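Taking it in order: structure first as C-alpha cells, then the write-up.
The values are calculated or read from the model by the stated rules, or taken from the named source; none is laboratory data. Predicted model only: the values in this text are computed from it and were never measured. Glycine also receives a Cβ, built like all others from the backbone with ideal geometry; neighbour counts cover every protein chain displayed. The area values use the complete protein model at the heavy-atom level, side chains included, leaving out ligands, DNA and RNA. Shrake-Rupley method; radii C 1.70, N 1.55, O 1.52, S 1.80 Å.
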Amino acid sequence: MNIYLIAKKLSHSFSKPIHNELADYSYEYKELEENEVGEFLKKKEFDGLNVTIPYKQTVMEFLDCISPEAIKIGAVNTIVNRDGKLCGHNTDYYGFSYEIKESGADITGKDVVVLGNGGAAKTVVCVCNDLGAKSVSVVTSAELRAGDVEKYYGGQIVINATPVGMYPNTGAAVVDIGKFTKCEAVLDLIYNPAKPQLLLDAEKLGMKTANGLGMLVAQAKKACEIFTESSVADSEIDRIRTKIENQTKNIVLVGMPGCGKSTVGTYLAELTGREFFDSDEEISKKGKSPAELIKENGEEYFRQVETDVLSELCKKSGCVIATGGGAVKKERNHDIIRQNATVVFIDRELKRLSTQGRPLSQGGIETLEKLYEERLPLYKKVSDFSVKSQKTWQETTAQILERLNKR
C-alpha cells in the first residue's frame with residue numbers, strides 16, 4: 001500500500017514513525033501548496049492519505065464520498081482510495097476523545113473554550129458537545145489576532161486548536177492562560193514540542209494539561225484500520241505513544257560548571273544513538289568562547305547569547321544537550337530547556353568540580369559554595385530528576401540511563 005500525509009509544511013510531523021509501528025505499508029510525507037491539492041487528489045496515485053493543517057476542509061470538494069462522522073464534523077483527515085473512488089473519514093474524533101481521557105479533564109457540564117476555528121477545531125467542538133459540555137465557545141483566528149479574548153476568560157476547559165507554539169516557532173502562546181481564572185485544564189493539539197508554551201504556562205498554575213501526541217497516535221491507529229480494513233489493538237496506542245515520546249524528547253543535562261555534563265553527555269549520546277550538542281561549544285562556534293564573552297562584554301551579555309543558542313538547540317528532537325552551568329539563572333531558559341526534554345541534574349561534590357577556564361568559578365571553595373547555594377534551587381526546579389556524580393563518568397551515565405528507563 002502507498003500512503004501519504006499531505007500538508008503545507010511537515011517538518012514537525014511524527015506521523016511516519018507512528019504508522020511504521022502500526023503496519024508495514026509505505027508511508028511518506030507530501031508537502032503541497034493549496035493550489036496543488038486538487039490536482040494531487042484527482043490523479044489518485046495513492047491507496048490512502050492522511051490530511052493535516054491546513055487542508056482538512058480543502059480536500060472535501062474532491063471526494064466521491066464522505067463518512068457520516070466527517071460530514072457531521074465538517075472536516076476530513078483520512079482518505080482511502082477504493083477502486084478509484086476517494087472516500088473521506090475523520091479519525092480525529094476518536095483521537096481527541098483519547099486525549100481528553102488521557103488528560104483526566106472532565107468536560108461534562110463545563111464551559112469549554114476552543115482556540116481557533118479551522119478543521120481541527122471543528123472536531124474538538126463536536127467531541128466536547130457529545131461529551132456533554134455546558135457550552136462550547138470558539139475563539140476565531142481573527143479574534144485571536146486582534147487580542148479580543150476577554151469575553152472568554154470564564155472558560156473552565158481551554159483547548160488550543162491553532163498551530164501557535166508549534167515547531168519551529170516555539171516559545172509562543174496563543175493566549176495568556178493566566179487570565180482564564182476559572183480554568184481547570186488546558187489541552188493542546190500540538191505535539192512538537194512536547195510542552196508548547198501554553199502548556200508550560202498552564203502547568204505553573206497547577207492546571208491539568210495534555211499535548212496532542214496521544215491524539216495523533218490514536219487517530220493514526222483508527223486511520224490504519226481504515227487503510228488496511230483490519231483491527232488494531234487499543235493497547236498499541238499507549239505503547240507507541242510512549243515509544244515516540246522517549247525517542248523524540250531531548251535529554252538535557254544541567255549542573256554546576258565542571259560537573260561533567262559534556263563528558264557524560266557525549267557518552268550518553270553514543271549509547272542511545274542520539275546526536276550530542278554542548279551549548280558552550282555552540283556559542284564558541286560563533287567566534288568567541290563563553291570565557292572570552294564574559295571577560296570582554298560581561299556576564300549579562302553572555303547570558304543573552306546563551307539564551308539565543310539554547311532557543312535553537314532545544315527545539316531539536318531526540319538529542320542529548322549539555323547546558324552551561326549558569327543557564328538556569330535566567331528564568332526564560334527554564335521553559336526553553338523544558339519544552340521538549342527530560343532534564344537531568346548532575347550533582348557533583350564541590351571539591352571535585354573542575355574550574356579551569358571557568359571565570360565564574362574562580363576564587364576557591366568559598367566561591368563554589370556561594371554559586372552552588374544560589375543555583376541549587378534552580379537546578380532542582382528545572383530538572384525532572386537528579387543523579388549524584390559517581391567516581392567515573394561511565395557510572396554516572398549508567399545511573400542516568402537506569403532512571404530514564406524507569407520513566
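Taking the residues in segment 176-193 that are in contact (Cβ under 8 Å) with a residue 60 or more places away in the chain, in contact with a helix residue (DSSP H, G or I) (Cβ under 7 Å, 6 or more places away or on another chain) and assigned to a loop (DSSP other than H, G, I, E, B) as candidates, determine which candidate is nearest to residue 106 (Cα to Cα). Checking each candidate, the answer is 189. The set of residues in segment 203-219 being in a helix (DSSP H, G or I), out of contact with any Gly (no Cβ under 9 Å at 6 or more places or on another chain) and hydrophobic (A, V, I, L, M, F, W, C) consists of 213 alone.
Considering only residues in segment 88-104 that are modelled with pLDDT under 95 and touching a strand residue (DSSP E or B) at 6+ places or on another chain (Cβ under 6 Å), the one that is farthest from residue 220 (Cα to Cα) turns out to be 104. Whenever a residue of segment 324-350 is closer than 17 Å to residue 369 by Cα, its partners that are open to solvent by less than 10 Å² (accessible area, probe 1.4 Å) and among the polar types (S, T, N, Q), lying with C-beta atoms within less than 8 angstrom and at least six residues away or across chains, give the pairs 325/361; 346/396. The number of residues in segment 47-72 being out of contact with any His (no Cβ under 9 Å at 6 or more places or on another chain) and either over 23 Å from residue 216 (Cβ atoms) or open to solvent by 10 Å² or more (accessible area, probe 1.4 Å) (or both) comes to 16.
Restricting 28, 39, 21 to residues that are at pLDDT 95 or above, among the charged types (D, E, K, R) and closer than 30 Å to residue 128 by Cβ narrows the list to 21. Candidates 122, 85, 110, 134: the one that is open to solvent by 30 Å² or more (accessible area, probe 1.4 Å) and either modelled with pLDDT under 95 or under 17 Å from residue 191 (Cα atoms) (or both) is 122.
Against the list (1) free of Cβ contacts under 8 Å to residues at least 40 places away in the same chain; (2) buried (at least 23 other Cβ atoms within 10 Å of the Cβ), the condition residue 153 fails is (2). Considered as a group, the residues in segment 288-338 that are out of contact with any helix residue (DSSP H, G or I) (no Cβ under 8 Å at 6 or more places or on another chain) and in a loop (DSSP other than H, G, I, E, B) include one that is surrounded by the fewest Cβ atoms within 10 Å (Cβ to Cβ), and that residue is 298.
Summed over segment 103-122, residues that are farther than 24 Å from residue 7 by Cβ and part of a helix (DSSP H, G or I) total 1.
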